[in-house]
Amino acid sequence: MNFSYKTTHIDKNSGARTGELLTPHGVIKTPIFMPVGTQATVKSLTPEDLEKIGAQIILSNTYHLHLRPGEEIIKKAGGLHKFMNWKKPILTDSGGFQVFSLSKLRKVSDDGVEFKSHLDGSKLFMSPEKCMQIQQDLGTDIIMALDVCSDLGTSYVQAEKDLEVTTKWLKRCFEAQTNEHQMLFPIIQGSMYKDLRQKSVKDMLPYIKCGVAIGGIAIGEAKKTTYDILDVLNPILPTSVPRYLMGAGSPDLLIEGVLRGVDMFDCVMATRISRHGTAWTSGGKVVVKNALYKEDFSSLDPECDCETCKNYTKAYLRHLINTEEMLGARLLSIHNLRFLLKLMEDIRDAINKDRFLEFREEFYKKYNNKG
Ligand code: PRF
Ligand code: ZN
């Protein structure tokens, strides 16, 4: 095993922490945001671009790569790192969530989940063992257990059943894993029910060895609900491993997540809003498409150090988005990802100086000043 986690500093006033996670492809400084490369590419960026903006680890998806090109081809290429030429750590999601959000038919049993491909409608089956096998073939650093993410508004009875299946699958994932160089993260579920969340932690504890993920939130519920669930989990999750909040990546969720003990985040939002012409900036959200910027020859965010902000104007970005030129999405993706990665750098720095609470206040004050 060549991985381990150590906490490097705990902020005296907030309890937020910085740490280092050692993986087979290098060290990750936490807390961290992970850009999403669903189809073995972070949309419109090269691995060289990602290195330049300070990405330490990226995320990819078992479900998508299993459908296309198939794990056999990636295995033949020498694994996902070689296939896509990314030399730093990679985390793969298990496919649990993607089966539930993308495929039409989906039948859950103790054995696994039967689903229809969102591409051609063909019937497929994913068992915990199959999920582990695929992620082993991909050769990624962090692998996720197969889980059932309860839909928003799921009843208590159904959420309890979903959790029961998730826990059974976790045991089988654990037993099926044969590559000791991969870190298997269990996924806490239990919908919005606090006692189910507590039960999930208790039942999964024996399998939390190198990290743990929080699933089933950040799916469209009120922010207060997200924070309440994190507040339930923060004091009961082990502090000896990193905690990963799945699918959360707006600036406020990153800050509030870190305050509540989260070390790792991912989200497609940064690249998705880029394609639609929106940018996060130190002064708040900017909708580049807006006529307001027609003749605005200033940079997107004067405080940002990315190539987009250094070299291009809002008027030009607006033009690229309005004409649906590929470069528009690319330049905004570079900016939005750099914005989140820089935010995490600033958060780590603030924690190390015991001033995370002040940093949080200052960030919101500037970010929300536009109203
Ligand atoms: N489970 C898995 N992946 C996920 C989620 C989950 O619950 C979420 C929910 N926010 C995002 N991605 N396996
Ligand atoms: Zn920028």
Listed by chain and number, the lysines with an alpha carbon less than 17 angstrom from that of Lys123, same-chain partners under 8 positions apart left out, are Lys104, Lys107
Residue by residue through the stretch 69-77, which ³J(HN,Hα) values in whole Hz follow from phi under the Karplus form 6.51 cos²θ - 1.76 cosθ + 1.60 (θ = phi - 60°), with glycine and proline marked x? x, x, 5, 5, 5, 5, 4, 4, 6
Once amide H atoms are built 1.01 Å from N in the peptide plane, which residues 5 or more positions from Ala16, or in another chain, come under 5 Å H to H? Asp11
Using Cα pairs closer than 8 Å and at least 6 residues apart in sequence, work out the relative contact order for the stretch 1-103, in percent. 22 percent
Rounded to the nearest 5, the percent of DSSP beta bridges in the chain running antiparallel is 55 percent
Between rounded, prolate and oblate, where does the stretch 91-198 land on the alpha carbon gyration tensor, with a ≥ b ≥ c its root eigenvalues, rounded for a/c under 1.5, else prolate if a/b exceeds b/c? oblate
With the cut-off at 1.5 for a/c, could you classify the stretch 117-274 from its C-alpha gyration tensor as rounded, prolate or oblate? rounded
Work out the length of the dipole vector of the stretch 1-124 about its Cα centre, built from +1 on the beta-carbon of each Lys and Arg and -1 on the beta-carbon of each Asp and Glu, and round it to the nearest 20 debye. 100 debye
Over the stretch 28-85, what is the mean sequence separation of C-alpha contacts under 8 Å (at least six apart), divided by residue count, expressed as relative contact order in percent? 39 percent
Entries of Lys87/Lys366; Lys12/Lys194; Lys12/Lys82; Lys88/Lys353 with Cα pairs more than 30 Å apart: Lys87/Lys366; Lys12/Lys82
Determine ³J(HN,Hα), in whole Hz, for all residues of the stretch 286-301 in sequence, where each value follows from phi through the Karplus function 6.51 cos²θ - 1.76 cosθ + 1.60 and θ = phi - 60°; x replaces Gly and Pro. 10, 8, 4, 5, 3, 4, 3, 9, 3, 10, 8, 9, 8, 7, 4, 9
Might you tell me the accessible area per residue for the chain, computed with a 1.4 Å probe and given in Å²? 43 Å²
Where in the chain are the helices, taken as whole DSSP H runs, whose Cα atoms extend 24 angstrom or more along the long axis and whose Kyte-Doolittle mean reaches at least 0.0? 326-352
Please name whichever of Thr278, Ile32, Ala291 sits farthest to the positive end of the charge dipole of the chain, dipole taken about the Cα centre and charges placed at Cβ: Lys and Arg +1, Asp and Glu -1. Ala291
Whole-Hz Karplus ³J(HN,Hα) for the stretch 12-28, in order, using 6.51 cos²θ - 1.76 cosθ + 1.60 and θ = phi - 60°, x for Gly and Pro? 5, 9, 10, x, 5, 10, 10, x, 10, 10, 8, 10, x, 10, x, 8, 10
Rounded to the nearest 500 deg cm²/dmol, what is the calculated helix-only ellipticity per residue at 222 nm for the chain, with -39500 (n - 2.57) per DSSP H run of length n ≥ 4? -12000 deg cm²/dmol
Answer rounded, prolate or oblate for the chain, using the Cα gyration tensor with square roots of eigenvalues a ≥ b ≥ c: rounded when a/c is under 1.5, else prolate when a/b is larger than b/c, else oblate. prolate
List the residues whose amide H sits under 5 Å from the amide H of Ser191, counting only those 5 or more places along or on another chain, with H placed 1.01 Å from N in the peptide plane. Ser150
To the nearest 20 Debye, how big is the dipole of the stretch 95-221 about its Cα centre, given +1 on the beta carbon of each Lys and Arg and -1 on that of each Asp and Glu? 200 debye
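The values are calculated or read from the model by the stated rules, or taken from the named source; none is laboratory data. Nothing here was measured: the structure is a model prediction, and the numbers come from that model. All Cβ positions, glycine included, derive from the backbone under ideal geometry; neighbour counts span all protein chains shown. The accessibility values were calculated without ligands, DNA or RNA, using every heavy atom of the protein model including side chains. Shrake-Rupley method; radii C 1.70, N 1.55, O 1.52, S 1.80 Å.
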